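The structure appears below as structure tokens.
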Amino acid sequence: MKENKINRFLLITSILSTLILIIGSTFSYFSISARSEADALAVEAGKIKLGLGVSQRFTPKKLIPTNDDDIMIAYNSKCTDIYNFGACLAFDLEVSNFADAQSIVGSINFTVENIENLSYMVLDESDGVILPKTKVISGENQTMGDSFTIASGTEMAPATKKLTLLVWLTNLDMPQEDYDAGGSFSAIVTYNSVDGNVLTGTIKGKRLETNATSKLGEGDF
């Protein structure tokens with residue numbers, strides 16, 4: 001009788017352990033599947049380590065030149081000037097950590113066609129400047145700012161770091177049709193962790209075929 005009770009206990013324990021493994025594996029699978037359609041993921045041994053989401057903040061418009069000093073006014077005006085032209089493009093970046101605390105560093109590589117005066121900068125989630133205005137150099141890996149440490153997280157409750165990437169066409173106070181007419185650009189955003197995980201996302205934009213310069217209201221910094 002005692003032996004039967006022991007065997008029954010071991011059988012129940014075995015079934016419960018199997019169910020826990022199945023549920024855990026299923027959760028990991030669906031977490032990866034759900035995120036991988038829209039986001040970049042770094043996965044190790046079946047577990048999500050890091051995730052990167054990239055999305056457009058405002059309705060995208062083709063760009064016309066904007067004064068560098070006015071870029072925060074443009075951003076606070078939803079990247080649109082008073083004539084509804086595109087003054088900038090804003091991209092939301094969110095790095096998610098599902099594992100131990102990690103040090104992360106970002107870079108960006110632009111591919112540019114028929115645009116010579118593209119600029120970018122990076123803001124934190126409070127709109128503080130992480131990387132000031134930087135001229136785009138096509139085909140080179142350029143910085144996204146200093147490295148940062150992202151706290152530890154889990155698949156149920158990941159730690160996150162939110163950033164904003166602003167891209168605009170710098171105004172030269174002269175006709176720019178010969179330099180920036182009807183061009184386009186794309187870029188690959190990459191975040192690397194110190195333990196070798198790599199995340200990438202893409203952005204795209206176009207230049208409007210016009211000689212106009214962004215006209216902005218006063219706005220707020």
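Here are some notes:
- Thr134 vs. criteria at pLDDT 90 or above, within 20 Å of Val112 (Cα to Cα) and either over 14 Å from the mean Cα position of the chain (by Cα) or surrounded by fewer than 19 Cβ atoms within 10 Å (Cβ to Cβ) (or both): yes
- Which numbered condition Asn67 misses (of (1) surrounded by fewer than 20 Cβ atoms within 10 Å (Cβ to Cβ); (2) touching a Pro at 6+ places or on another chain (Cβ under 8 Å)): (2)
- Scanning segment 172-197 for residues that are at pLDDT 90 or above and either part of a loop (DSSP other than H, G, I, E, B) or open to solvent by 20 Å² or more (accessible area, probe 1.4 Å) (or both) yields a count of 4.
- Residue list for segment 95-131, restricted to those being open to solvent by 50 Å² or more (accessible area, probe 1.4 Å) and either assigned to a loop (DSSP other than H, G, I, E, B) or under 26 Å from Asp69 (Cβ atoms) (or both): Asp100, Ala101, Asn114, Glu116, Glu125, Ser126, Asp127, Val129, Ile130
- Number of residues in segment 129-152 that are touching a Ser or Thr at 6+ places or on another chain (Cβ under 7 Å) and either among the hydroxyl-bearing types (Ser, Thr, Tyr) or over 17 Å from Thr200 (Cα atoms) (or both) equals 9.
The values are calculated or read from the model by the stated rules, or taken from the named source; none is laboratory data. Note that the structure is predicted; figures quoted are calculated from it, not measured. FYI the Cβ positions are ideal-geometry reconstructions off the backbone, even for glycines, and counts take in every protein chain you see. Calculation scope for accessible area: heavy atoms of the full protein, side chains included, ligands and nucleic acids excluded. Shrake-Rupley method; radii C 1.70, N 1.55, O 1.52, S 1.80 Å.
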